[in-house]
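A.B. asks: A single structure is presented below for examination.
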Amino acid sequence: MAAVNDTKFNSAVFLLTGIPGQEDLHLWISIPFCLMYVISIVGNSVILFIIKTDPRLHEPMYIFLSMLAVTDLALSISTMPTTLGIFLLNSREISLNACFAQLFFIHLLKCTESSVLLLMAFDRFIAICNPLRYTSILTLPRICKMGLVFVLRGVAVMLPLPFLLQRFRYCRSNVLSHSYCINQDVMKMACSDIRVNSIYGLSVALLTVGLDSLLIFLSYVMILKTVLSITSHAQCLRALNTCVSHLCAVLLFYTPMIGLSVIHRFREGLSPLLQIPLGYIHVLVPPVMNPIVYSVKSKHLRVRIIRVFVK
């Protein structure tokens, strides 16, 4: 019996889910998904190209934006093969190892993006609350060190996830809820005790995304306090206007993530019609919208992009 179970475990696969009940329309549904992936890859690549080639954009704010673009680009690439594989080729099967690898990269990139948003909040905090020391505090070596620290933090806390999942035997239904693998979804397929994974996953979420969101909130409390002390109404609005793009990025990132986490932990009685759209918004919308929002709001970036395409 043990040998049979081992064989079953080693050859097991998960079945990914597109949009249940709409399988006949998957080919048509793939059109907006392909469009979103193209916009995400092209948009973030253009942002990176413009920032790299224009020396006037080698400032802390745009360096942090380039970090965000790299993260969004990698996130789109990590989910694109399985998502488009379902809608274009009806390829639902994914092996255990491939699933574990994908969920590691998705969670790592989400953690990294949360860290980048925190760094961008810190950038806005220094620019508004201590503008005279802005360039002396946010030097290029210091920015690189902060980025490296947060990437290593993400690797350190996310690396145990696939190894913890490999301990389990998956004898229940192997149909996942999304077109990609995430930890909360996969561990519910196990027929073993998942309390350790559940506690570890919750702890990681609180110490990374939860802590980052709290620090971002505190940064904006200090920013708002400083802005309200400005006597000039025009200067007050100008200072707040520099934070609009970042606030949009924060809302686009954290709102669907929190909603999806709540649904996975309290999914009993909840309609899948809520879970499926949030799942796609969670991984597709931020990489698509971030380059658009920053291109519209940043005059220097917008002018440079227009010049490139006009030429």
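Each reported figure results from applying straightforward, stated rules to the coordinates on display, with no laboratory input. Being a predicted model, the structure only gives us computed values, none of them experimental. With ideal geometry, Cβ positions are generated from the backbone for all residues, glycine too; neighbour counts draw on all protein chains shown.
A.B. asks: What do you reckon, is Thr226 more than 15 Å from Leu108 (Cβ to Cβ) and not in a loop (DSSP other than H, G, I, E, B)?
C.D. replies: Details: more than 15 Å from Leu108 (Cβ to Cβ): yes; not in a loop (DSSP other than H, G, I, E, B): yes.
Criteria met by Thr226.
A.B. asks: Next up: Residues in segment 123-132: is at least one closer than 20 Å to Val288 by Cα, surrounded by fewer than 21 Cβ atoms within 10 Å (Cβ to Cβ) and either without any contact (Cβ under 8 Å) to a residue 24 or more places away in the chain or within 22 Å of the chain's Cα centre (by Cα) (or both)? Reasoning before the result, please.
C.D. replies: In the first step, residues of segment 123-132 are kept if they are closer than 20 Å to Val288 by Cα; the result is none.
No, there is no match, as no residue in segment 123-132 is closer than 20 Å to Val288 by Cα, surrounded by fewer than 21 Cβ atoms within 10 Å (Cβ to Cβ) and either without any contact (Cβ under 8 Å) to a residue 24 or more places away in the chain or within 22 Å of the chain's Cα centre (by Cα) (or both).
A.B. asks: Same structure again: I'm checking my understanding of the structure. Among residues of segment 203-234 that are in contact (Cβ under 8 Å) with a residue 24 or more places away in the chain and under 17 Å from the mean Cα position of the chain (by Cα), which one is farthest from Val250 (Cα to Cα)? Explain how you work it out, then say what you get.
C.D. replies: At the first step, the residues of segment 203-234 found to be in contact (Cβ under 8 Å) with a residue 24 or more places away in the chain are 204-205, 207-209, 212-213, 215-216, 219-220, 222-223, 226-227.
Checking the rest, the ones that are also under 17 Å from the mean Cα position of the chain (by Cα) come to 204-205, 207-209, 212-213, 216.
Values: Val204: 19, Ala205: 16, Leu207: 17, Thr208: 15, Val209: 11, Asp212: 11, Ser213: 9, Ile216: 9 Å.
Top of the filtered list is Val204.
A.B. asks: Still on this structure, please answer the following. Restricting to segment 180-214, name every residue that is of a type in the set (Lys, Arg) and either part of a helix (DSSP H, G or I) or farther than 27 Å from Met80 by Cα (or both). Lay out the reasoning, then the answer.
C.D. replies: Step one: of segment 180-214, the residues of a type in the set (Lys, Arg) are 188, 195.
Scanning segment 180-214 gives a single hit, Arg195.
A.B. asks: Does segment 37-44 include one or more residues that are under 12 Å from Asn290 (Cβ atoms), part of a helix (DSSP H, G or I), among the hydroxyl-bearing types (Ser, Thr, Tyr) and touching a Leu at 6+ places or on another chain (Cβ under 7 Å)?
C.D. replies: Residues of segment 37-44 that are under 12 Å from Asn290 (Cβ atoms), as a first pass: 39-40, 43-44.
Among the residues that remain, those that are also part of a helix (DSSP H, G or I) are: 39-40, 43-44.
From the residues that got through so far, the ones that are among the hydroxyl-bearing types (Ser, Thr, Tyr) too are 40.
Right, trim to touching a Leu at 6+ places or on another chain (Cβ under 7 Å) and you get none.
No; the residues of segment 37-44 include none that is under 12 Å from Asn290 (Cβ atoms), part of a helix (DSSP H, G or I), among the hydroxyl-bearing types (Ser, Thr, Tyr) and touching a Leu at 6+ places or on another chain (Cβ under 7 Å).
A.B. asks: For Met61, only one of the following conditions fails: (1) in a helix (DSSP H, G or I); (2) of a type in the set (A, V, I, L, M, F, W, C); (3) touching a Ser or Thr at 6+ places or on another chain (Cβ under 8 Å). What is its number?
C.D. replies: The number of the failed condition is (3).
A.B. asks: For segment 83-99, how many residues are surrounded by fewer than 21 Cβ atoms within 10 Å (Cβ to Cβ) and either in a helix (DSSP H, G or I) or within 21 Å of the chain's Cα centre (by Cα) (or both)?
C.D. replies: Qualifying residue count for the region: 6.
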